[in-house]
Every structure is written in structure tokens, then in C-alpha cells.
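Engineer: Can you keep this structure in mind? I'll have questions shortly.
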């Protein structure tokens with residue numbers, strides 16, 4: 001069976017892709033060049049798709065900078081060295097408007113063409129950045145859209161259940177995700193999480209770096225990625 | 001108040017944009033260059049956005065041809081001269097997988113950045129081509145996604161109701177849409193409907209041309225567009 005797996009190049013999506021593989025899916029990885037500040041993550045996505053044996057990997061261009069509204073897609077500063085309680089309060093400036101809705105829609109389009117009914121996304125509602133489109137109720141609502149929006153949802157072949165949006169990480173801590181990834185053979189030295197990298201090095205201080213580092217500490221594993229600070 | 005209006009350049013989206021203007025919205029028109037066979041419709045979208053006084057008009061590029069799966073985005077023939085009962089049975093090959101989900105997601109992204117809570121889409125569930133993503137239950141499900149997916153949906157300012165997806169044409173016949181458009185001052189000579197145009201001329205025989213011509217006949221109005229046949 002085929003599954004479309006959203007792949008950013010970070011720890012979570014790499015682990016979600018590894019779960020899809022473990023569960024016996026032939027994986028089709030999908031990444032987006034959305035003109036993000038940290039487009040270096042696309043190199044990581046390419047490495048990880050290859051490393052985890054994705055059957056195909058597409059990088060689709062959509063210029064979300066045309067809309068702006070986020071520190072990742074406009075000339076706004078990425079917040080640095082925030083305290084844990086600051087990270088966990090409210091929706092940060094790195095939130096990209098409707099990003100997961102856009103990404104899931106395009107995953108759905110590809111899935112329908114491939115004849116796949118399974119979509120994997122590495123969202124997480126525990127150690128996350130307060131993004132609304134990482135919550136279980138959003139995922140459920142999108143799954144309903146998927147089954148109403150498409151030919152496959154309307155005419156789905158006998159024996160199929162329509163589309164399922166898989167969120168294997170949604171209830172795990174970041175440390176738990178890292179442990180699961182390592183168990184499934186993910187080489188995290190290939191991954192990239194930083195929102196504001198300097199060359200190939202991670203800044204070490206943006207929310208994404210802070211959450212990642214705390215996750216590796218929790219997992220009791222050394223983070224193989226190089227940090228500026 | 002601001003509204004994002006999906007604008008293809010055809011009769012329906014032009015009329016929906018005119019309704020948004022009539023209802024007092026400052027309109028932000030959004031079109032997509034998705035590498036469609038009939039990309040000439042983007043010229044029509046530009047003319048109509050100007051004609052109907054849109055405050056801004058963006059044409060966003062996303063290459064849906066990367067996925068294929070439709071006569072509009074792959075090298076498949078557009079069906080011609082089908083009978084009405086053929087048009088009304090099943091989902092045709094011109095269906096573009098998940099297109100309205102993708103378009104609404106991107107409209108949502110722009111709306112959130114603009115601080116708009118209203119999105120207009122000219123879908124129609126009467127004289128339509130059997131596309132699943134034109135049905136009211138799809139629109140309702142997407143509205144729910146919009147309000148769960150976004151900062152605006154979660155933290156929406158007091159006095160706002162969250163996002164509304166407006167479908168002012170959903171219960172109208174094609175003739176009714178054309179009459180409404182004319183009432184609202186839409187100049188349909190600027191519009192383009194054909195899936196398979198020859199230069200600036202419409203083919204006259206694809207499903208979209210056939211539905212359009214029947215609509216003008218029903219409205220008792222001459223279609224100002226030039227047809228090959």
C-alpha cells in the first residue's frame with residue numbers, strides 16, 4: 001500500500017516517515033519549497049527520503065512569501081533564547097498561516113493521483129510550538145474534508161475506508177519521538193530543524209533548536225547536529 | 001471588511017466576486033497558475049479583477065502538473081460534445097484532484113495574513129460538472145478546518161465569528177448565475193470558461209463550454225464570447 005508522507009527534513013517528519021515504512025507502506029515523500037527562510041531543510045529532506053527508502057520524493061514550489069505574515073516567510077526576526085514558558089504561551093511569529101492545511105491539501109492531491117489513501121504527517125501536540133494546525137481536532141476535521149473533497153473519497157473502492165491522516169507522533173514528547181526514530185533506524189545527523197541557520201549550522205537558540213535540544217537531552221542521546229551556540 | 005475571492009476568470013467566480021463587492025467587502029482576488037491547459041483563463045482573471053474593482057489580485061504559481069491525474073493538468077484529451085446526461089454522470093477526467101481544497105487552503109493563508117474572515121468561492125451544485133469539491137457538505141467541512149487550523153480561528157478577535165466560506169452561487173442554475181452577474185454589472189465578454197481554447201477562442205464543445213452556452217440560452221442572453229464551433 002502507498003502512503004504520502006509530508007517531509008520537512010526535521011526530526012518529526014523523518015520519524016513519521018520511518019513509522020510509515022515500519023507499517024509496511026510504500027512511501028511517497030512530499031516536501032515544499034515555500035520560499036522559507038530555512039530552505040536548507042530541503043537538502044535534509046532529500047537526504048532523509050533517500051536514507052529511509054522513499055519510493056519517490058517530490059519538492060513542490062509554492063511561494064508562501066507572496067502572503068508573508070510569518071518570521072519564516074517575511075522579513076521578521078526569528079525569536080531567540082525564549083524561556084520554555086514563553087515558547088508554550090500563545091502562537092509564535094514563526095507560525096506560517098494555514099501551512100499544514102496547505103501542505104495536507106497538496107498531499108491529498110498527490111495521494112488521489114497515486115491511488116493512496118494514507119497520508120502521514122509528523123505533527124505533535126505535546127512538545128510543539130503552539131501552532132493551531134498541530135492539534136488532533138484540526139487533523140480530524142481535515143480528514144473529513146479529504147473524504148468529501150475527492151473522487152477517491154466519494155467513489156472509494158470496496159474494501160477501502162477512504163482517507164486516513166496518520167499522526168503517529170501526536171501524543172509523544174520530543175524525547176519519545178527521538179527514541180522512536182532511533183529505534184526505527186533514523187540517522188538524525190541527516191536532519192535539520194533550525195529556523196535561522198548560519199550556513200549548514202543550526203543557530204541553537206530559536207524555538208525549534210531549543211525544543212530539539214531539550215528532546216535529545218530527554219532521550220539521553222547526543223544530538224549529532226552542529227550548533228553555532 | 002476584507003474578503004478573499006477565488007477568481008478563475010470564468011462566469012461563476014466573476015459573479016461571486018461581484019456579489020462580494022455588492023455585499024460591501026473590499027475584495028482581494030486570488031487566482032492560480034497551476035500549469036493548467038487553459039492558462040489563458042488567467043488573462044480573463046486579470047481583466048475581471050480590474051473590472052470589478054478588486055483591491056488586490058494575486059496569481060500564485062503551484063505546479064499541479066507535478067501530480068497530473070486530470071485532463072487539465074496532464075496530457076489527456078478533454079472530452080468533447082458530451083450529452084447532458086453524460087456530463088451529469090460521475091466525475092469527469094477534467095476533475096483536478098483536490099483542487100478546491102488546495103485553492104481554499106491558500107485563500108485561507110492569505111485571509112489570515114490580511115485579517116480577513118470571509119472567503120468567496122463560486123462553486124455551484126446545480127449546473128456543475130460533478131466535481132465532489134463543489135458540494136455544500138465539502139464547503140461546511142472546510143469551514144470547520146479553517147476555524148481549527150489558524151491563529152485567527154483560535155484567537156479570533158471579539159465580535160468576529162471566525163471564518164466564513166461564502167458560496168453565493170451554490171443553489172443557482174447556470175442561467176440564474178448569469179442573470180445575477182448581469183444584474184451586478186459583470187461584463188461577461190471579459191470572462192473565459194473553455195478548458196481547451198484555440199488561441200483566444202473557446203472550443204464550444206468541452207463540458208465547460210457546453211454548460212456555459214446552455215446557461216446563456218437559459219438566461220435568454222447572448223454569450224459575448226467567440227467560439228470555434
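The values are calculated or read from the model by the stated rules, or taken from the named source; none is laboratory data. Quantities reported herein were computed from a predicted structural model and do not represent experimental measurements. No Cβ is skipped: glycine too gets one built from the backbone with ideal geometry, and neighbour counts run over all protein chains shown.
Engineer: State all residues of the range B:45-56 that are buried (at least 19 other Cβ atoms within 10 Å of the Cβ) and in contact with a helix residue (DSSP H, G or I) (Cβ under 6 Å, 6 or more places away or on another chain); if no residue qualifies, say none.
Structural biologist: Within the range B:45-56, B:48, B:52 meet the criteria.
Engineer: Residue by residue through the range B:179-189, note down the ones that are buried (at least 20 other Cβ atoms within 10 Å of the Cβ) and more than 13 Å from residue B:16 (Cβ to Cβ).
Structural biologist: B:188
Engineer: Assess whether residue A:92 counts as being farther than 24 Å from residue A:151 by Cα, within 13 Å of chain B (Cβ to nearest Cβ) and crowded, with 24+ Cβ neighbours inside 10 Å. Show your work before the answer.
Structural biologist: Details: farther than 24 Å from residue A:151 by Cα: yes; within 13 Å of chain B (Cβ to nearest Cβ): yes; crowded, with 24+ Cβ neighbours inside 10 Å: no.
Spelling it out, it is not the case that residue A:92 is farther than 24 Å from residue A:151 by Cα, within 13 Å of chain B (Cβ to nearest Cβ) and crowded, with 24+ Cβ neighbours inside 10 Å.
Engineer: Okay, moving on. Give the residue, chosen from B:98, B:109, B:116, that is buried (at least 20 other Cβ atoms within 10 Å of the Cβ), under 21 Å from residue B:167 (Cβ atoms) and more than 9 Å from chain A (Cβ to nearest Cβ). Quick ask: steps written out before the conclusion?
Structural biologist: On the way: B:98 fails: more than 9 Å from chain A (Cβ to nearest Cβ); B:109 fails: more than 9 Å from chain A (Cβ to nearest Cβ).
None of the others qualify; the one that does is B:116.
Engineer: Output the residues belonging to the range A:119-153 that are in a loop (DSSP other than H, G, I, E, B), within 10 Å of another protein chain (Cβ to nearest Cβ) and crowded, with 24+ Cβ neighbours inside 10 Å.
Structural biologist: A:150
Engineer: Here are B:160, B:167: which of them is within 18 Å of residue B:5 (Cβ to Cβ) and either in contact with a helix residue (DSSP H, G or I) (Cβ under 6 Å, 6 or more places away or on another chain) or modelled with pLDDT under 95 (or both)?
Structural biologist: On the way: B:160 fails: within 18 Å of residue B:5 (Cβ to Cβ).
Result of the check over B:160, B:167: B:167.
Engineer: Within the range B:193-200, is there a residue that is surrounded by fewer than 18 Cβ atoms within 10 Å (Cβ to Cβ) and out of contact with any helix residue (DSSP H, G or I) (no Cβ under 9 Å at 6 or more places or on another chain)?
Structural biologist: yes
Engineer: Identify the single condition in (1) out of contact with any strand residue (DSSP E or B) (no Cβ under 6 Å at 6 or more places or on another chain); (2) crowded, with 18+ Cβ neighbours inside 10 Å; (3) assigned to a helix (DSSP H, G or I) that residue B:168 does not satisfy, given that it satisfies every other one.
Structural biologist: Among (1) out of contact with any strand residue (DSSP E or B) (no Cβ under 6 Å at 6 or more places or on another chain); (2) crowded, with 18+ Cβ neighbours inside 10 Å; (3) assigned to a helix (DSSP H, G or I), residue B:168 violates only (3).
Engineer: Kindly evaluate residue A:85 against the criterion of being more than 9 Å from chain B (Cβ to nearest Cβ) and assigned to a helix (DSSP H, G or I). Please lay out each step first, then the result.
Structural biologist: On the way: more than 9 Å from chain B (Cβ to nearest Cβ): yes; assigned to a helix (DSSP H, G or I): yes.
So residue A:85 passes the test.
Engineer: Test each condition in (1) within 22 Å of residue A:4 (Cβ to Cβ); (2) touching a strand residue (DSSP E or B) at 6+ places or on another chain (Cβ under 7 Å) for residue A:105 and report the one that comes out false.
Structural biologist: All conditions pass for residue A:105, except number (2).
Engineer: If you don't mind, another one. Run residue A:33 past the list (1) closer than 23 Å to residue A:95 by Cα; (2) more than 14 Å from chain B (Cβ to nearest Cβ) and report the number of the one that doesn't hold.
Structural biologist: Result: residue A:33 fails condition (2) only.
Engineer: Mind checking which residues of the range B:19-69 are assigned to a loop (DSSP other than H, G, I, E, B) and closer than 22 Å to residue A:31 by Cα?
Structural biologist: From the range B:19-69, those assigned to a loop (DSSP other than H, G, I, E, B) are B:23-25, B:34-40, B:52-55, B:63, B:67-69; that's our starting set.
Answer for the range B:19-69, where residues must be assigned to a loop (DSSP other than H, G, I, E, B) and closer than 22 Å to residue A:31 by Cα: B:34, B:35, B:36, B:63, B:67, B:68, B:69.
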